[in-house]
Amino acid sequence: MSLLDVLQKESEEVLAKKVEDKPEESIISPATNDIQIESKEEDVKPEISEKPKGDVFDEDEIPEIVDEIFKKAIEMHASDVHFKPTDDKFEVYYRIDGNMIEHKVYDRIFHNPIIARIKIISSLKIDEHRLPQDGKSSYKGTNKEVDLRVSILPTQYGEKVVIRLLEKNPEMVNLRDLGMLPNILMKVEKHLQGTYGMILAVGPTGSGKSTSLFSMISTFNAEEYNISTLEDPIEYKIPNVTQTQINVEIGFDFPDGLRTLVRQDPDIIMVGEIRDKKTASLAVESALTGHLVFSTLHTNTATGTIQRLLNMEIDRFLITAAVKLIISQRLIKKVCSNCREKYEVPKKYYELFKEQTDIDPQKAFLYKAKGCDKCNNTGYKGRIGLFEVLEMTPAIEELIIGNASNAEIEAQAVKEGMILLKKDALYKAITGDITIEEALRVML
Ligand SMILES: [Zn+2]
């Protein structure tokens with residue numbers, strides 16, 4: 001029976017059953033529902049035609065087609081895959097570095113079987129088409145394994161699926177490759193020599209805070225130090241580091257974890273996030289009792305972090321004694337170095353550069369995003385961090401204890417060499433790392 005016939009009879013279950021009935025070909029492991037298929041070494045699979053030949057196609061192809069979509073997504077470092085039906089087509093997109101990239105447009109006839117296949121591998125109801133569904137699965141590519149978070153939404157054209165890809169063991173970024181200016185990097189490396197105190201990475205969601213923390217922690221020799229982390233969720237697996245998953249649902253939260261951790265004789269502690277008073281006060285206490293504590297906070301500026309800790313009722317004196325460094329950061333799209341186009345700084349930006357930097361805009365250049373094969377014609381490739389690093393110096397301590405305003409603290413920090421996020425952004429526009437448009441977005 002051809003798939004077309006099956007579809008015409010509106011019985012997708014037949015297809016689903018057919019796939020399930022063939023364990024030797026099935027790529028589902030019954031215990032975990034994980035896809036276990038090993039990608040072949042050579043890459044000579046025939047191109048999937050956009051239209052099925054003669055309006056019929058073999059349903060046995062479907063697992064392979066879905067597989068190919070994930071394989072390609074991993075190769076291209078996509079964060080999400082979108083399966084979007086329209087009135088006469090079925091479109092598949094990848095989100096790469098924040099941009100939507102069209103992967104392939106299939107004939108509408110592929111919609112139901114592909115969605116059914118996705119439902120099977122993520123243990124969702126095949127015959128449910130009217131309600132949203134959420135599921136999980138995983139996919140094993142050539143060298144990488146990813147977790148799949150599947151979301152299905154009924155739309156006017158049928159079910160739309162968006163799948164988030166989460167790398168199981170993402171590559172750790174080296175501290176020197178985050179994009180810190182040399183003098184900022186020196187400051188950070190100096191504080192990593194300390195034996196106690198707190199180093200905080202702050203910024204909104206998706207600003208790369210955990211990446212920064214992990215790249216700092218991975219500079220320590222895990223065999224020499226007792227390094228323990230509390231995370232929700234565990235993002236990177238680091239050899240020789242004790243990592244603990246917080247699980248609030250069963251009543252195991254950050255404060256519980258921290259109380260136990262300090263009894264485990266740690267040298268270095270990482271607390272995934274400081275969200276509440278209890279965690280903040282325990283983290284400060286740990287930092288003051290001979291531990292190097294790393295954590296993140298959801299604040300927008302380095303100086304704003306001090307205010308946040310004060311709002312969490314942490315004593316001024318304790319803040320100045322415990323906090324050593326606050327790294328405020330953002331993650332920005334990098335302009336593709338293969339196709340970027342150099343141009344003179346337009347006059348409208350002269351004032352901005354003169355106000356915020358020591359750069360002479362008349363002698364500097366900016367870079368336009370163009371688009372080429374290497375960047376999927378988006379003009380952007382990869383990301384880079386922007387950093388504003390506040391060091392706890394005697395003058396800053398004095399201001400905090402004296403109840404100075406954020407603006408006063410910031411002014412003093414700048415006087416002592418702190419580079420504001422917007423200044424770092426303008427520097428990176430001039431050096432060709434980012435476009436002026438992206439730089440301006442952090443100044444909003
Ligand atoms: Zn390019």
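Note down the nm distance, to one decimal, between modelled labels 7 Å out along Cα→Cβ at residue 61 and at residue 318.
In this crude spin-label approximation the distance works out to 6.5 nm.
With a 1.4 Å probe and every protein chain left in place, work out the accessible area per residue of the stretch 110-158 in Å², rounded to a whole number.
For the stretch 110-158, the per-residue accessible area is 48 Å².
Can you give me the distance in nm between label points at residue 76 and residue 169, each placed 7 Å from the Cα along the Cα-to-Cβ direction?
Placing both labels 7 Å beyond Cα along the Cβ direction yields 2.7 nm.
Only Lys, Arg, Asp and Glu count, each charged at its Cβ (+1, +1, -1, -1), so figure out the dipole size of the chain about its Cα centre, rounded to 20 debye.
1500 debye
What number, in percent, do you get for the relative contact order of the stretch 283-372 if the mean sequence gap of Cα pairs under 8 Å and at least 6 apart is divided by its residue count?
Relative contact order for the stretch 283-372 comes out at 25 percent.
Which Cα, out of 323, 339, 357, lies furthest along the positive dipole direction of the stretch 320-359 (beta carbon charges, K/R +1, D/E -1)?
Of the options given, the answer is 339.
Roughly what % of Cα-Cα distances in the stretch 175-441 sit above 22 Å, to the whole percent?
Result: 58 percent of Cα pairs exceed 22 Å.
Starting from the amide H of residue 103, placed 1.01 Å from N in the peptide plane, find each other amide H under 5 Å away whose residue is 5 or more places distant or on another chain.
Hits under the 5 Å cutoff: 92, 93, 94.
Give the relative contact order (percent, whole number) for the chain; include only Cα pairs under 8 Å separated by 6+ residues.
With pairs under 8 Å counted, the relative contact order is 12 percent.
Find the accessible area per residue for the stretch 172-246; the probe is 1.4 Å, ligands and nucleic acids are left out, and the unit is Å².
Computed with neighbouring chains in place, this is 46 Å² per residue.
Using the Karplus curve 6.51 cos²θ - 1.76 cosθ + 1.60 with θ = phi - 60°, work out ³J(HN,Hα) for each residue of the stretch 143-148 in order, rounded to whole Hz, and write x for Gly and Pro.
Along the stretch 143-148, the couplings run 10, 10, 10, 10, 8, 10 Hz.
Ordered by residue, what ³J(HN,Hα) values in Hz, to whole numbers, does the stretch 264-275 give under the Karplus form 6.51 cos²θ - 1.76 cosθ + 1.60, where θ = phi - 60° and Gly and Pro are x?
For the stretch 264-275, the Karplus-derived couplings read 9, 6, x, 9, 10, 10, 10, 10, x, 7, 9, 10 Hz, x marking Gly and Pro.
Go ahead and estimate [θ] at 222 nm for the chain from helices alone: -39,500 (n - 2.57) per DSSP H run with n ≥ 4, summed, over the residue count, rounded to 500.
The per-residue figure over the chain is -9000 deg cm²/dmol.
Taking +1 at the Cβ of each Lys and Arg and -1 at the Cβ of each Asp and Glu, which of 266, 400, 314 sits farthest along the dipole of the chain towards its positive end, judged by Cα position relative to the Cα centre?
Sorting the options by dipole projection puts first 400.
Would you pull out the residues with amide H under 5 Å of residue 368's amide H, same chain only if 5 or more places away, H placed 1.01 Å from N?
For residue 368, whose amide H was placed from the backbone, the distant partners under 5 Å are 341, 342, 343.
How large is ³J(HN,Hα) for each residue in the stretch 320-332, as worked out from phi by the Karplus curve 6.51 cos²θ - 1.76 cosθ + 1.60 (θ = phi - 60°), to whole Hz, x for Gly and Pro?
Residue by residue, the stretch 320-332 yields 5, 7, 8, 6, 9, 8, 10, 9, 8, 8, 9, 10, 10 Hz.
What GluC sites (Glu not before Pro) does the stretch 251-338 have in DSSP loop regions with at most 14 other beta carbons within 10 Å?
Answer by residue number: 313.
Only bridges whose two residues both fall in the stretch 175-441 count here: according to DSSP, what percent of them are antiparallel, nearest 5?
Approximately 40 percent, going by the DSSP bridge assignments.
Under a 5 Å amide H to amide H cut-off, with H placed in plane at 1.01 Å, what residues pair with residue 229 once short-range neighbours are removed?
Distant-sequence amide H within range of residue 229: 242, 243, 244, 270.
Report the residues of the stretch 55-96 in range of a label on residue 157: point 7 Å along Cα→C-beta, backbone N strictly under 16 Å from it.
82-94
Per the 1.4 Å probe, what fraction of the accessible area of the stretch 52-145, in percent, lies on carbon and sulfur atoms?
For the stretch 52-145, the apolar C and S fraction of the accessible surface comes to 46 percent.
Calculate the dipole size of the stretch 100-169 relative to its Cα centre from +1 charges on Lys and Arg beta carbons and -1 charges on Asp and Glu beta carbons; express the result in debye to the nearest 20.
100 debye
The values are calculated or read from the model by the stated rules, or taken from the named source; none is laboratory data. These figures come from a predicted structure and were not determined experimentally. Backbone-built Cβ (ideal geometry, glycine too); neighbour counts: all protein chains shown. What goes into the accessible areas is simple: the full protein's heavy atoms, side chains included, and nothing from ligands, DNA or RNA. Shrake-Rupley method; radii C 1.70, N 1.55, O 1.52, S 1.80 Å.
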